[in-house]
Amino acid sequence: AGIRMGKGKYMLTYKDDEVAIAQLTRSGGGAVVGKTTTAVVIGFWKKDQVDSNSRPQNMEDCRGLVQEMCSYLIE
C-alpha cells in the first residue's frame with residue numbers, strides 16, 4: 001500500500017526515527033517528510049527538473065533542505 005499526497009502515490013523507502021525523517025519515492029521523483037514537535041515539513045523533487053543551481057533535483061539535496069528547515073524550526 002502506498003501513501004497518497006495530492007494526485008500522487010508514493011512508496012516509503014527509508015525512515016529514520018532518530019531524526020524524524022522519511023523518504024518516499026514515486027515514478028519520476030519523490031518526497032522527503034520531516035517532523036518537529038509542532039510542524040511537518042514536506043519537500044518534493046522531480047528528476048526531470050533542475051534546482052536553483054541548474055543541477056538535477058535529487059533525493060539527497062531534498063533531504064538536506066528538509067533537515068535544515070526542521071532544524072531551523074526547532075531553534
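Of the residues Gly30, Gly34, Gly43, Gly8, only one is at pLDDT below 95 and open to solvent by less than 30 Å² (accessible area, probe 1.4 Å); which?
Every option except Gly8 fails the conditions.
Return the residues of segment 2-46 that are touching a residue at least 24 places away in the same chain (Cβ under 8 Å), closer than 19 Å to Asp61 by Cβ and among the polar types (S, T, N, Q); say none if nothing qualifies.
Gln23, Thr25
For segment 52-68, which positions are open to solvent by 100 Å² or more (accessible area, probe 1.4 Å), within 11 Å of the chain's Cα centre (by Cα) and farther than 17 Å from Leu12 by Cα?
Answer for segment 52-68, where residues must be open to solvent by 100 Å² or more (accessible area, probe 1.4 Å), within 11 Å of the chain's Cα centre (by Cα) and farther than 17 Å from Leu12 by Cα: just Leu65.
Only residues that are surrounded by 16 or more Cβ atoms within 10 Å (Cβ to Cβ) and at negative phi: list them for segment 11-24, please.
Within segment 11-24, Ile21, Ala22, Gln23, Leu24 meet the criteria.
Looking at (1) open to solvent by less than 40 Å² (accessible area, probe 1.4 Å); (2) polar (S, T, N, Q); (3) touching a Pro at 6+ places or on another chain (Cβ under 8 Å), which one does Gln49 not meet, given that it meets all the others?
Checking Gln49 against (1) open to solvent by less than 40 Å² (accessible area, probe 1.4 Å); (2) polar (S, T, N, Q); (3) touching a Pro at 6+ places or on another chain (Cβ under 8 Å), the one that fails is (1).
The values are calculated or read from the model by the stated rules, or taken from the named source; none is laboratory data. Every value quoted in this text rests on a predicted model; they were computed, and no experiment measured them. Cβ: placed from backbone, ideal geometry, glycine included. Neighbour counts: every protein chain shown. Surface accessibility is based on the protein's heavy atoms, side chains included, excluding ligands, DNA and RNA. Shrake-Rupley method; radii C 1.70, N 1.55, O 1.52, S 1.80 Å.
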